Amino acid sequence: MHIPRKYKIARVLVDLSLNKNYDYYIPAELETKVEIGIHVTVPFGRGSKRFIKGCVTDLPASSEFDKLKFIESVYTARPKIPISLLKLGEWMAEYYCCSKEQAVRALLPGAVRSGKISKKNITFVYLVDPIKGSEYLFNNCSRSPSKAKVLKELLQRPDRPLSLLKKVTGVSDAVINSLVKDEVIKKEKRIVCRDPFADSEILSVDKPVLTEEQVIVLDKLQSMFDGKQKGFASLLYGVTGSGKTEVYLRSIEEILKEDKETIVLVPEIALTPQTTERFRSRFGDLVSVLHSGLSDGERFDEWTKVYEGKVKIVVGARSALFAPFRNLGLIIVDEEHENSYKQDEAPRYHARDVAVMRAYKENAFVILGSATPSLESFNNVDKGKYQLLELTKRIDDRVMPKVFTVDMRGQSEIAGSSSIFSRDLVDAVNDRIARGEQTIIFLNRRGFATHMSCNQCGYVASCPECSINYTFHRHKDCLTCHICGSIIRAPKNCPKCSAPDIKYSGVGTEKIESIAQKLFPLAYIKRMDSDTMTHKRSYEKVLSSFKKGEIDVLIGTQMIAKGLDFPNVTLVGIINADISLHMPDFRASERTFQLLTQVAGRAGRGHIPGEVFIQTFTPFNTAIQYAVNHDYNSFYEEEIDVRKMLCYPPEGHLATVRFTAENEEKVLDIAEQFLKDIEPIANDNLMISPVCPSPIAKMRNKYRFMIMIRGKLTTRLKKYLTQLVFEKYNKHDIHIYIDIDAVSLM
Ligand code: ADP
Ligand code: ZN
């Protein structure tokens, strides 16, 4: 009897967003090589002509299909994904209602996934033997100054990269090759790391003596690490300048003692040399830093260092969460309240929340840190899920800055043309300039004017592709859309009625800068926002110049709001505190409180106490008042009640279903159909809103509608939603996605 050979089966997630696994036979010769997490090339679609790459996610005993195709080959250029990470990816797909492929794709950086980047080889040149080298120099080089140059250089520095050697000596390849031929020097290819720190030196700093509060906090953390305290997650709520980073550093030391690894997440914007230096100066080469400024090559090398176990600590933005450690001990999420932890494309994950999940799955610990914890995290303390750790005082008993509100209603008459700067703020800045202290002026809006309108016909310039107004940038003399980036020359006459009567209103940082230059002619003023920070290094340059005291007044957007620790800053001015308050978002109060507290926290971090002036048209607003009084607890109590009453997170979850397409009618129609499909599942614990236009109703020429879902989002419900998106509604040319735990409602 003929017994057909039984092939083993591999389940493969192919590189297409179909949210489906496909089963393949493993050819006998690949049986030992195919394991979960590796990548393979497989035939796909009808016939066997088209090949596609994918990741092996399972090795099932059997398949529901009986005729399978064979895996073509193992694709080794893309490294194997550790199983623990793969499981995390699968969890993300389920939790965030995205396709499995999208979730798994996020686990490897693009530079690594591409398979195109590899370790870098550099050719080095070295002396075979120094004595032989100097003999050769004396005996054979009298008529070849070029050869002499090379040998002299190598006698001083015996080992040099070829390109560098050529550069400093100015000799040609022929000269070098001739020396190689005479066996005086040798060439050798070596693997090197593209080191993003190549031009920075590590200064090791003495560890400070811990403050009483830090000691208490670290004791509590130690008992969590020792398993004496139940739970694995702690929330470190410490006021600005209270020494949270020192707590992180000491915790990492403990984890290192166990020979385990740590991931430190910081918001991209806080990933300054200032921050990373602190980790590098304590742990040196054990630290790898991942940020968006790295080249693909550098990113590849940093990731590979982690993969090969050469580093123990990763400091990085959001995606560093997926660092391929295999013996993870701790994840730290600094500034855990930051919205930038939420990715705004699929997979729409929240790095803080996934950090907690990863730690849980891998038996690691979590520390979430913030001076203004998110309501979600503080609520988890209330529920007993997180241990609360508090640092209530600034280091060295430095006082919290004194915060004043300046009521801007009616200011314009008093201060005349400079109605944008209140008298109080102007005086305060002048004081600082006179004393050689520094000021930060904050306004969360870039550009010169936020509106261009016609005084005759009332025309307002707006982006034809997006439903927002153009912002005027005076320096470039243009109007730009802050959503799609489109840019046009600023018209001299009204495009509609041709009247030369054009008015600019609404202020941005560019205008603040120009007013400040007039108000403080002797001061050195610098602006920091995404318009001025266009070069890779400009951010570092300005900050280091600010640190040296060369800048008197630093004006900026949220870029300067967070994490900066400059002791000589004794004044912070907030130009318009109300901007974030008027956003159509249930988190508007929370954001305002956080932003004001964080910005205010930049003041008075040194020996001289700081002052903060908050200019506002709503000085009575409670979010502003609580920020003035540094009163997080009252803010939390009040806000959590509101959330509970209205059933907004952290009371239950919130998801949005988004629909976008160029045809307004069609997209609305599909959205309504979708609503009909999900309406029946609404209940007391699940509220489903009608279809409504998104606050930004049109973006890049596409109309946007949404449905909001609030309450108890069960796994079953999510499965249903995912199924609708990927199976029922995937045939239209309408883009539909689900955003679980949405942080942006625009
Ligand atoms: P936070 O992150 O809470 O805003 P930081 O960790 O930046 O605060 O600490 C503020 C400053 O205090 C930093 O310059 C830091 O080096 C310093 N610092 C932290 N802990 C101590 C300590 N125990 N003794 C002296 N200085 C400290
Ligand atoms: Zn636009």
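Two-decimal Rg/Rh of segment 452-524 from alpha-carbon positions, Kirkwood Rh?
On the way: Rg = 13.9 Å, Rh = 13.4 Å.
The Rg/Rh ratio comes out at 1.04.
In nm, give the distance between the simple-model label positions of Lys383 and Glu345, each being 7 Å from the Cα along the Cα-to-Cβ direction.
3.2 nm
Could you order Met224, Met583 by accessible surface area, starting with the largest, using a probe radius of 1.4 Å?
Putting Met224, Met583 in descending order of accessible area: Met583, Met224.
Give the residues of segment 456-492 whose amide nitrogen is closer than 17 Å to a point set 7 Å from the Cα of Arg658 in the direction of its Cβ.
466-468, 482-485
Quick query: amide H of Lys8 versus all other amide H atoms, modeled in the peptide plane; which residues come in under 5 Å with a sequence gap of 5 or more or a different chain?
Close amide H contacts, sequence-distant or interchain: Ile26.
Mind jotting down a quarter of the surface of the convex hull over the alpha carbons of segment 361-505, in square nanometres, one decimal?
16.6 nm²
Calculate the tail of P(r) for segment 243-338: the fraction of all Cα-Cα distances greater than 18 Å, expressed in %.
Details: 1739 of 4560 pairs.
The proportion of pairs with Cα distances above 18 Å equals 38 percent.
Taking every DSSP beta bridge that has both residues in the chain, what percent is antiparallel when rounded to the nearest 5?
55 percent
Hey, rough spin-label estimate for Val74 and Arg143, points 7 angstrom out along Cα→Cβ, what's it come to in nanometres?
In this crude spin-label approximation the distance works out to 5.9 nm.
Is the C-alpha gyration tensor of segment 460-501 telling us rounded, prolate or oblate? Criteria: a/c under 1.5 is rounded; beyond that, a/b larger than b/c is prolate, otherwise oblate.
Oblate, because a/c is 1.5 or more while a/b does not exceed b/c.
Apply the a/c threshold of 1.5 to the C-alpha gyration tensor of segment 75-226 and tell me whether it is rounded, prolate or oblate.
Oblate is the answer for segment 75-226, as a/c is 1.5 or above yet b/c matches or exceeds a/b.
Nearest 20 debye, what's the magnitude of the dipole of the chain about its Cα centre given +1 on Lys and Arg Cβ and -1 on Asp and Glu Cβ?
2720 debye
Largest first and in whole Å, give the semi-axes of the chain's equivalent ellipsoid, each being the square root of 5 times a Cα gyration tensor eigenvalue.
Its equivalent ellipsoid spans semi-axes of 45, 40, 29 Å.
Which entries of Lys310/Lys383; Lys305/Lys526; Lys87/Lys119; Lys87/Lys260; Lys33/Lys312 have Cα-Cα distances beyond 31 Å here?
Listed pairs above 31 Å: Lys310/Lys383; Lys305/Lys526.
So what does Cys497 come to for accessible area, using a 1.4 Å probe and Å² rounded to 10?
Approximately 60 Å² for this residue.
For segment 1-153, which whole-number percentage of the solvent-accessible area (1.4 Å probe, protein heavy atoms only) is attributable to carbon and sulfur atoms?
Result for segment 1-153: 53 percent of the exposed heavy-atom area is carbon or sulfur.
Might you tell me the accessible area per residue for segment 587-746, computed with a 1.4 Å probe and given in Å²?
Value for segment 587-746: 45 Å² per residue.
Using Cα positions and a limit of under 27 Å, work out the lysines in reach of Lys666, with same-chain residues fewer than 8 apart set aside.
Lys676, Lys698, Lys702, Lys718, Lys719, Lys728, Lys731
The values are calculated or read from the model by the stated rules, or taken from the named source; none is laboratory data. Just so it is clear, the model here is predicted, and its values are computed rather than measured. All Cβ positions, glycine included, derive from the backbone under ideal geometry; neighbour counts span all protein chains shown. SASA here: full protein model, heavy atoms, side chains in, ligands and nucleic acids out. Shrake-Rupley method; radii C 1.70, N 1.55, O 1.52, S 1.80 Å.
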